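Beneath this line is the structure, given in structure tokens, with notes to follow.
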């Protein structure tokens, strides 16, 4: 409860009573006073009574006001799936008025409130799957207060969501696999049993947990089973991913590694960075189906080693940085679209007319060259996407009778740089030669006598 005096001064209730709050003013200013009651709860309503007293040796009731107070929160819904850690907080912007936050969990349980001025927040280390509802309530009667509602999830959860988004773009002929790497740089005591992952007294683990498959559900299930761990044998992860591509990449497919990292390689402890670079270089130099393996790298968060990840990528342009979970998901979507949509870049179409066929006019966007009796017409196309059709038409005129070729075989062609555009050479396809039968160059004339 708050009060506003006739001259505009504003004050909150100073004392709590058994069933509410009490607001007192000494030597009140004469005029119209305004009493405001705030519904400081997320849902429902309350029956409220405001009693006004005047003190003159004792308290005397002046007036009573009864009304129904309805909750009036700002409401937001947060849809979660397969995450472990969840944190939600509300922060004020351009001001410091008090805000209260309640969270309704998918199970129906409501937690709160959490105060914006006390840096309080909702947190769950075993988050439920489903829809969370956030209620933001203004604990002040007048004015406005800008705010931001921030949802945090663990990096491993963000990575899972982004990777499964990537899998959602798979076509019927695409395959995907999942490799992970982790470990600990703490020296552990060996119990004498068999364990092939022991190295230098520290545990290094990297393996393919889902072989290449066109079943996105299977890949997603393996992603859901990933857990975060301490050590980072990044080089080992690249190596097992490369070996899987070498062994199981289907014919006529392009091999790609997408590496996500939020820090530095730490295992093995003596040469972890160099091992990561060496294994990435080895993968980039590995040719499958006539093309080099392509490596995209993604740095996630401020601790990511941008310099290293650019070195490991196919080229610096194949490195991406994500500051938060939303950006990470966007990057995975962009990579998926790039893999699916661009078929070729830097395309040049060259049509060469023989000397007995004349080009009547220059086609649009074409360059025309006359050389050694030939008419050479060229078009430059920056990129062609999968399922895109590029067409052109123009008029020619035969100069002689007989069987004429409309273009010169071996000179008329299409050159292009195929996907993945790096680590591959320009390719050439020769245009087929069409033959035109010319019986007469001019129409027959009949003269009647």
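Of all DSSP beta bridges confined to the chain, the antiparallel ones make up roughly 90%.
In terms of the mean number of neighbouring beta-carbon atoms within 10 Å, the peptides 249-256, 272-279, 19-26 order highest first as 272-279, 249-256, 19-26. Relative to its residue count, region 156-323 spans a Cα convex hull of 120 Å³ per residue. Bridges between two residues of region 210-343, per DSSP, are antiparallel at a rate of about 15%. Beyond 35 Å, how much of the Cα-Cα pair distribution for the chain remains, as a whole percent? Roughly 58 percent, rounded to a whole number.
Modelled spin-label separation between residue 165 and residue 434, with each label point placed 7 Å from Cα along the Cα-to-Cβ direction: 4.6 nm. Counting other Cβ atoms within 10 Å as a rough exposure proxy, the listed residues 46, 124 run 46, 124 from fewest neighbours to most.
If you take the Cα centroid of region 145-182 and the Cα centroid of region 212-243, the two points sit 13 Å apart. Over region 302-449, Cα pairs under 8 Å with separation of 6+ residues give a relative contact order of 24 percent. One decimal place: the segment residue 173-residue 399 gains 76.4 nm when fully extended, by the rule 0.36 nm per residue minus the C-alpha distance.
The modelled label-to-label distance for the pair residue 310/residue 442, using points 7 Å beyond Cα in the direction of Cβ, is 7.0 nm. Relative contact order of the chain: 9 percent, from C-alpha pairs under 8 Å at least 6 residues apart in sequence. Across all directions, the average projected area of the convex hull around the alpha carbons of region 34-120 is 9.1 nm².
Counting every other Cβ atom within 10 Å of each residue's Cβ, 376, 209, 144, 238 order from fewest to most as 144, 209, 376, 238. Treating the angle as unsigned and between 0 and 90°, give the value, to the nearest 10°, between the Cα long axis of helix 234-248 and the longest Cα principal axis of the chain. Taking the Cα atoms of the chain, the angle to 234-248 is about 50 degrees.
Sorted ascending by nearby beta carbons within 10 Å, beginning with the fewest, 303, 139, 7 become 7, 303, 139. In this rough spin-label picture, where each label sits 7 Å from Cα along the Cβ direction, the residue 45-residue 128 distance is 2.7 nm. Cα centroid separation, region 70-123 to region 367-433: 62 Å.
Helix content alone sets the calculated 222 nm mean residue ellipticity of the chain: runs of n ≥ 4 DSSP H residues at -39500 (n - 2.57) each, divided across all residues, give -5000 deg cm²/dmol. A straight chain from residue 264 to residue 23 at 0.36 nm per residue would run longer than the Cα-Cα distance by 80.9 nm.
Bear in mind that the values in this text are calculations on the coordinates, not laboratory data. Computed from a predicted model, the values in this text were never measured in an experiment. So basically every Cβ, Gly included, is an ideal-geometry build from the backbone, and we count neighbours across all protein chains shown.
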